[in-house]
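Contents: one structure, followed by commentary.
The values are calculated or read from the model by the stated rules, or taken from the named source; none is laboratory data. Here the structure is a predicted model, which is why all the values come from computation and not from measurement. When we count neighbours, we look across all protein chains shown, and the Cβ atoms used for this are built from the backbone with ideal geometry, even at glycine. The area values use the complete protein model at the heavy-atom level, side chains included, leaving out ligands, DNA and RNA. Shrake-Rupley method; radii C 1.70, N 1.55, O 1.52, S 1.80 Å.
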Amino acid sequence: ALPISSGSAFWNYTEGYKTGLTLQMIQRAPSVNELYAYGNHDSTATFDIGNSSLSKESAYQIEWAWRKTQGLWQGQINLYQNKTKNYIYGFYTNDSDLASNYPVRQFTQANTTLTGYESELLLNPQGPGFSARLFSDGLRGTFDDGSNLPLQPTIRVGGHVGFDQGIWSSKLSLIHGLGQTRLATFETYPTPSYNKLDFRVSRKLNWGTTDGNLYLMANNLLNDTIRYSTTVESIRINAPLAGRSFILGLSLFY
């Protein structure tokens, strides 16, 4: 996708605070798969049928932003609405391929409206020592008839606490995803809520002209069953995110 035209205006109404509007028009040509696919797509477990009549997407977006950019506490709020003409998506036809039994997905397009927000509050985002972040984001997408877009993200709330001092850094993060029940007419599987707790600690290394990091990552410490609503239903149902895992690694920079 490429921005065809855009413009923004911001007002620094006092030191460290600003607000403003951004207007943007973006166009995207259909991909080769969306145009010409015809056959099994094993990574999504679908039988895809392209549509050579697809035209380019044209998205028109307006976004309002408020930001605090100085001080121990910083943060921002963004509210936006995107209206897309000829939005391209995969429509499930309720048929199945006889050989693979994969559901048939036909690429088509329609006009849509997406409305969403992003927000975060930061404590000591740049300096050493303790830091913290709280955030939330969400999106609602509808077709012109008011029905839901497929693959909609859920509302998320979460944050992290971290410590960065000298050669050591660490971060403990928690994300809570609300259940997503706003399904397209051809979707059948709502995603339940989830909690994702991760931890990372790392130590900087130096050997002459070579720098590096020794790190330990612990992912999904609660071993929660996490299914993302932004994945196609076959993946959503049969391949949730990995459970609890630990990674010990070394990265080097020459």
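Under 5 Å between amide hydrogens, which residues at least 5 positions from LEU205 or on another chain qualify, with H placed 1.01 Å from N in the peptide plane?
Those lying under 5 Å, H to H, from LEU205 are GLY212, ASN213, LEU214.
Quick check on the stretch 190-234: what does the Kirkwood estimate of hydrodynamic radius come out to from the alpha carbon pairs, in Å? Mind dumping the intermediate values first?
Details: mean 1/r = 0.0735 Å⁻¹.
One decimal place: 13.6 Å for the Kirkwood radius.
Send over the semi-axes of the chain's equivalent ellipsoid, whole angstrom and largest first, taken as the square roots of 5 times the C-alpha gyration tensor eigenvalues.
37, 27, 18
How fast does the stretch 38-187 diffuse by Stokes-Einstein, in µm²/s, taking the Kirkwood radius from C-alpha pairs at 37 °C and 0.692 mPa s?
176 µm²/s
Just check the stretch 1-111 against the gyration tensor rule for me: Cα atoms, a ≥ b ≥ c as the square roots of the eigenvalues, rounded for a/c under 1.5, and otherwise prolate or oblate depending on whether a/b exceeds b/c.
prolate
Name the long-range amide H neighbours of ALA37: under 5 Å, sequence gap of 5 or more, or other chain; modelled H, no Pro or chain starts.
Excluding prolines and chain starts, which carry no amide H, the hits are GLY50, ASN51.
For the chain, set up a Gaussian network in which alpha carbons nearer than 10 Å are linked by springs, and say which option among THR84, THR108, THR93 fluctuates the most.
Answer for the Gaussian network model of the chain: THR93.
Compute the separation of the alpha-carbon centres of the stretch 84-137 and the stretch 228-252 and state it in Å as a whole number.
Between the Cα centres of the stretch 84-137 and the stretch 228-252 lies a distance of 16 Å.
Efficiency by 1/(1 + (r/R0)^6): what FRET value for GLN81 and TYR13, r their Cβ-Cβ distance, R0 = 22 Å, to the nearest 0.05? Walk me through the numbers on the way to the answer.
Numbers: r = 23 Å, r/R0 = 1.06.
It comes to 0.40.
Rounded to the nearest 20 debye, what is the charge dipole size of the chain about its Cα centre when +1 sits on each Lys and Arg Cβ and -1 on each Asp and Glu Cβ?
Values: 20 positive and 19 negative charges, 144 e Å.
That gives the chain a dipole magnitude of about 700 debye.
In debye, nearest 20: dipole of the stretch 49-121 around its Cα centre with unit charges on the Cβ of K, R (+) and D, E (-)?
260 debye
With 18 Å as the limit, write out which pairs from LYS68/LYS196; LYS56/LYS83; LYS171/LYS196 have Cα-Cα distances beyond it, or answer none.
Where the Cα-Cα span goes over 18 Å, the pairs concerned are LYS68/LYS196.
Mean residue ellipticity at 222 nm from the helices of the chain, using -39,500 (n - 2.57) per DSSP H segment of n ≥ 4 over the full residue count, to the nearest 500 deg cm²/dmol?
Counting only the DSSP helices, I get -1000 deg cm²/dmol.
How much length, in nm to one decimal, is gained on full extension between THR231 and MET217, taken as 0.36 nm per residue of separation minus their Cα-Cα distance?
2.6 nm
Residues of the chain: accessible area per residue at 1.4 Å, in Å²? Numbers along the way, then the final one.
On the way: 14790 Å² over 254 residues.
Ligands and nucleic acids excluded, the result is 58 Å² per residue.
Using a 1.4 angstrom probe on heavy atoms only, work out the carbon and sulfur share of the accessible area of the chain in %.
57 percent
So how much slack lies between SER245 and VAL201, counting 0.36 nm per residue of separation and subtracting their Cα-Cα distance, in nm?
14.4 nm
For the chain, the longest stretch holding no trypsin sites (Lys or Arg not before Pro) located in a DSSP loop with at most 14 other Cβ atoms within 10 Å is which? Each step should come with its number before you reach the end.
Working: sites that count: LYS56, ARG244.
The segment 57-243 is the longest one with no such site.
Could you derive backbone 3J(HN,Hα) for the stretch 193-198 from the dihedral phi with the Karplus parameters 6.51, -1.76 and 1.60 (θ = phi - 60°), listing whole Hz in sequence and x where the residue is Gly or Pro?
5, 8, 10, 10, 10, 10
How many percent of the alpha carbon pairs in the stretch 123-254 exceed a separation of 21 Å? Spell out each step's value before the answer.
Values: 4804 of 8646 pairs.
Cα-Cα pairs of the stretch 123-254 separated by over 21 Å account for 56 percent.
Once you place label points 7 Å from the Cα toward the Cβ at ILE62 and LEU172, how far apart are they in nm?
4.4 nm
Would you mind checking the stretch 200-227 for residues with the amide N under 15 Å from a putative spin-label position 7 Å along Cα→C-beta of LEU252?
205-215
So, counting K/R as plus one and D/E as minus one, what does the shell of residues with Cβ under 13 Å around ALA242 add up to?
Summing Lys/Arg as +1 and Asp/Glu as -1 gives +1.
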